[in-house]
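For reference, the structure is listed below as structure tokens.
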Amino acid sequence: MKPAASSRLSSIYKKLYKAFGPQHWWPGETLFEVAVGAILTQNTNWGNVEKAIANLRNAGMLNASALGRLHVERLASLIRPAGYYNVKAKRVKHFVDYLIKGYEGSMKKMRKGEQTAVREELLAVNGIGPETADSIMLYALDKPVFVIDAYTKRVLSRHNIMADDKSYESFQELFHSSLKADVPLFNEYHALLVRLAKQHCRTKPVCPGCPIEGV
């Protein structure tokens, strides 16, 4: 990776952190809750996911054992606020089945797995793509994998760092080759990019006051 790209990414991070401060992301009381939240947040906003998570918590269903026994239709009704609830219920069940069979339902045991192997396992679970897998890897399993989402692509393409039509892997390699493989750094950087995209780099951009304007 060209030194200029590495320097710009470092500068962007510093400016975002100075402007917004720590984001305390990903919200979740348990590792399992974080993983389920990563699946539920597909194609919806976090406010809707919080409602679905609250329903699961209130029903005593925020653990692998309980969700493993729960009928998919009942699960769908509980996560209805997250949207696409029938599809997402099946995806959650697929993940739970994988977790139970592979790690006895324990996220702590899963966390001890080798990074590349665990990521490949996640990608083999029906309904889990790269973004969801990497969100689970970074935020629940403490693996130094940078999460790429639409917000990240939008910010970097608008600042002429990488074209929006480049692959997920290309964007991820940009971060992996430019920054130290560090879980807290990757965690905070991704969260800050999301904050920037929501506040300034919207579909219709609000450039005045953007902390990385001109970087």
Check: Is there a residue being out of contact with any Gly (no Cβ under 9 Å at 6 or more places or on another chain), farther than 27 Å from F146 by Cα and either aromatic (F, W, Y) or surrounded by fewer than 18 Cβ atoms within 10 Å (Cβ to Cβ) (or both) anywhere in region 22-35?
Finding: no
Check: Quick one: how many residues across region 123-167 are polar (S, T, N, Q) and within 17 Å of S177 (Cα to Cα)?
Finding: 2
Check: Just to be sure, is V125 β-branched (V, I, T), out of contact with any strand residue (DSSP E or B) (no Cβ under 7 Å at 6 or more places or on another chain) and in the same structural domain as M61 (by TED's automatic domain parsing)?
Finding: yes
Margin query: So if I check each of N126, N58, which one is under 30 Å from K153 (Cα atoms), without any contact (Cβ under 8 Å) to a residue 40 or more places away in the chain and surrounded by fewer than 14 Cβ atoms within 10 Å (Cβ to Cβ)?
Written below: N126
Checklist line | Residues of region 107-118 classified as within 18 Å of V36 (Cβ to Cβ) and surrounded by 15 or more Cβ atoms within 10 Å (Cβ to Cβ), total | finding: 4
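Conditions (1) free of Cβ contacts under 8 Å to residues at least 24 places away in the same chain; (2) surrounded by 20 or more Cβ atoms within 10 Å (Cβ to Cβ); (3) not assigned by TED's automatic domain parsing to the domain that holds E131, marked per residue:
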residue: T41; (1), (2), (3): no, yes, no
residue: G47; (1), (2), (3): yes, no, no
residue: L75; (1), (2), (3): yes, yes, no
residue: R80; (1), (2), (3): no, no, no
residue: K88; (1), (2), (3): no, yes, no
residue: F95; (1), (2), (3): no, yes, no
residue: L99; (1), (2), (3): no, yes, no
residue: G102; (1), (2), (3): yes, no, no
residue: G105; (1), (2), (3): no, no, no
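Picking from N43, N55, N48, which residue would you name as being more than 19 Å from the chain's Cα centre (by Cα) and under 27 Å from V194 (Cα atoms)? Even if it seems obvious, please write down each step before you answer.
Details: N43 fails: more than 19 Å from the chain's Cα centre (by Cα); N48 fails: more than 19 Å from the chain's Cα centre (by Cα).
Only one candidate passes the filter, namely N55.
The values are calculated or read from the model by the stated rules, or taken from the named source; none is laboratory data. Since the structure is predicted, the reported quantities are computational estimates derived from the model, not experimental observations. So basically every Cβ, Gly included, is an ideal-geometry build from the backbone, and we count neighbours across all protein chains shown.
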